[in-house]
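Below: the structure, in structure tokens.
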Amino acid sequence: RAPWLLDKLKSLKGEKVLVICHRAMTAIDLEEKLRLAGIRTVIFHEGMSLTNRDRAAAYFADMHDGAQALICSEIGSEGRNFQFAHHLVLFDLPLNPDLLEQRIGRLDRIGQTDTIKIHVPYLENSALAVMFHWYHAGLNAFEKTCPAGQTVFLQTEDALIAALHRRQTHGDTLSALITATQSANQSLNDALERGRDK
């Protein structure tokens, strides 16, 4: 996936890209590979001081001489706003749908002037591919906010974990999981809509 990310950043030359990884070590390794390949990047993770995080965010925000990509650990999915960027690379996906919404929310802020492009690099028949299909086909979480996401996760968690262990993006297990997820999501969203005080 790292070579894919390098090619993607080269194709998006001049555009700001936020890359979120779950672990700091993944972010550190990625940032080093990209920097050595000539991409202007900056790192952002929990092992840095608050001052250094502020500097990294400011360097990324500089529209003229700043970094093209901010490579961050999960800490980058909370608290900072990067509405000047239009590309979000989710190098991995969290199990928690609320955390996915927080990641997307770093760009989806007041002041965003473009459609956010979400990129999820995954290998076929991997656990990440299963997560992608569950979020995309089951919850439609990349297209819309997902207020019932955490509840749906709790209802489908055992089946999702089983599908992650099988790591097959085609077949009855994933298909049944997607159908159950869609049904639970629709039912819960309908209940939420009926419960609103209009």
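The values are calculated or read from the model by the stated rules, or taken from the named source; none is laboratory data. Nothing here was measured: the structure is a model prediction, and the numbers come from that model. Here Cβ is always computed from backbone atoms with ideal geometry, including for glycine, and neighbour counts include all displayed protein chains. Note: areas computed on protein heavy atoms with side chains; ligands, DNA, RNA excluded. Shrake-Rupley method; radii C 1.70, N 1.55, O 1.52, S 1.80 Å.
Being among the acidic types (Asp, Glu) and within 24 Å of LEU139 (Cβ to Cβ): is that true of GLU78 here? So GLU78 passes the test.
Can you spot a residue in region 149-162 that is part of a loop (DSSP other than H, G, I, E, B) and either aliphatic (A, V, I, L, M) or surrounded by 19 or more Cβ atoms within 10 Å (Cβ to Cβ) (or both)? Among the residues of region 149-162, not one is part of a loop (DSSP other than H, G, I, E, B) and either aliphatic (A, V, I, L, M) or surrounded by 19 or more Cβ atoms within 10 Å (Cβ to Cβ) (or both), which makes the answer no.
How many residues does region 166-195 hold that are within 23 Å of LEU123 (Cα to Cα), out of contact with any helix residue (DSSP H, G or I) (no Cβ under 8 Å at 6 or more places or on another chain) and assigned to a helix (DSSP H, G or I)?
Looking only at that region, the number is 3.
It is to be established whether one or more residues within region 165-188 are modelled with pLDDT of 90 or more, open to solvent by 20 Å² or more (accessible area, probe 1.4 Å) and on the phi > 0 side of the Ramachandran plot. No, the conditions are met nowhere in region 165-188. Checking each residue in region 114-148 for being farther than 21 Å from GLY76 by Cβ, part of a loop (DSSP other than H, G, I, E, B) and touching a Lys or Arg at 6+ places or on another chain (Cβ under 9 Å) picks out LEU123, ASN125, SER126. A count restricted to region 107-124 and to residues that are surrounded by 14 or more Cβ atoms within 10 Å (Cβ to Cβ) and closer than 22 Å to SER175 by Cβ stands at 2. Name the residues in region 61-88 that are crowded, with 20+ Cβ neighbours inside 10 Å and over 18 Å from the mean Cα position of the chain (by Cα), would you? Within region 61-88, ALA67 is the sole residue that qualifies.
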